[in-house]
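To start, the structure itself, in structure tokens.
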Amino acid sequence: MWAETRTSAPDPDRLAEAVGALLRALGEDPDREGLRRTPARVAAMLQEVLAGYWMDPAELINGAIFEAEDNDLVLVRDIEFYSMCEHHLLPFYGRVHVAYIPDGRIIGLSKIPRIVELFARRLQVQERMTRQIADFLERVLQPQGVAVIVEAAHLCTMMRGVRKSGARMVTQALTGAFRTDPRLRSELRAHLRHPDRDAAG
């Protein structure tokens, strides 16, 4: 799944009008003191938390792909993210672990968290977001393999429905060598299990 982007951000005035209509449908008065600026605030918030729709993938990469002879595991662990569930418009949040095996090309370290943001800052489901991050890296790097693991808490299960505050969802997307080589998967799991040991060298 390639990055679907949109050419222009939404009209903040139309967003604010929609928020005002929602408040009225809930029986509230958007003109009362506490809510008077809420529609504009929510409009600004939505433009920020859904900014992934208007990020330009080419501008995000900005040429930060380099030739490299090494083909050892590259892992960026514990990337924080916040997203919005498209089913209930409630947040889900957690951490993303991204690994790849280069095949002559590597990407600048700071770009991987930005790629996560590109897909997290949209109306999403966790399974699709996981796959989109992996497919994006697969396309721009053409590596030997990509692994993306996402661990997240979902407010739609914490605040409503089953109301299980401790539940966490884990999804993964594997391509290439990570899918076919059990040794690589074991190595990746070992790195994720023992972060203190890794940091100590």
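Between Arg179 and Cys156, how high is the FRET efficiency from 1/(1 + (r/R0)^6) when r is the Cβ-Cβ distance and R₀ = 35 Å? Nearest 0.05. Intermediate values should be presented prior to the final figure.
Working: r = 30 Å, r/R0 = 0.86.
Between Arg179 and Cys156 the formula returns 0.70.
For the range 91-201, what value does the Rg/Rh ratio take when both radii are computed over Cα atoms and Rh is the Kirkwood radius, given to two decimals?
Details: Rg = 15.1 Å, Rh = 15.1 Å.
Value, to two decimals: 1.00.
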Using only Cα atoms and rounding to the nearest 10 degrees, what angle (0 to 90) does helix 111-120 make with the longest principal axis of the chain?
40
With N residues in the chain, Rg(alpha-carbon) / (2.2 N^0.38 Å) equals 1.20
Hey, rough spin-label estimate for Ala9 and Ala64, points 7 angstrom out along Cα→Cβ, what's it come to in nanometres?
2.1
Kindly report, to the nearest 10 Å², the accessible surface of Leu174 as traced by a 1.4 Å probe over protein heavy atoms only.
20
Label Asp56 and Ser165 with points 7 Å out from Cα along Cα→Cβ: what is the distance between them in nm?
4.5
Please give the calculated 222 nm ellipticity per residue for the chain, where each DSSP H segment of at least 4 residues contributes -39500 (n - 2.57) and the sum is spread over every residue; nearest 500 deg cm²/dmol?
-12000 deg cm²/dmol
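Once you compute Rg and the Kirkwood Rh from C-alpha atoms, what is the Rg to Rh ratio for the range 1-82?
On the way: Rg = 20.0 Å, Rh = 16.4 Å.
Ratio of gyration radius to Kirkwood radius: 1.21.
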Using only Cα atoms, find the angle between the long axis of helix 12-25 and the longest principal axis of the chain, and express it within 0 to 90 degrees, rounded to the nearest 10.
60
Estimated dipole of the chain in Debye, rounded to 20 [Cβ of Lys and Arg +1, of Asp and Glu -1, Cα centre]
740
Could you pull the accessible area for Thr157 with a 1.4 Å probe, rounded to 10 Å²?
50
Can you sort Tyr82, Tyr53, Tyr100 by solvent-accessible area, 1.4 Å probe, largest first?
Tyr82, Tyr53, Tyr100
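Give me the percent of the accessible area of the range 1-101 that comes from carbon and sulfur atoms, probe 1.4 Å, all protein chains in place.
On the way: 3260 of 6560 Å².
C and S atoms contribute 50 percent here.
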Working from the alpha-carbon coordinates of the range 96-147, get Rg over Rh, Rh being the Kirkwood radius.
0.96
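The values are calculated or read from the model by the stated rules, or taken from the named source; none is laboratory data. Computed from a prediction, not measured in an experiment: that's the story for all the values here. Backbone-built Cβ (ideal geometry, glycine too); neighbour counts: all protein chains shown. We work out accessible area using only protein heavy atoms, side chains counted, and drop any ligands, DNA or RNA first. Shrake-Rupley method; radii C 1.70, N 1.55, O 1.52, S 1.80 Å.
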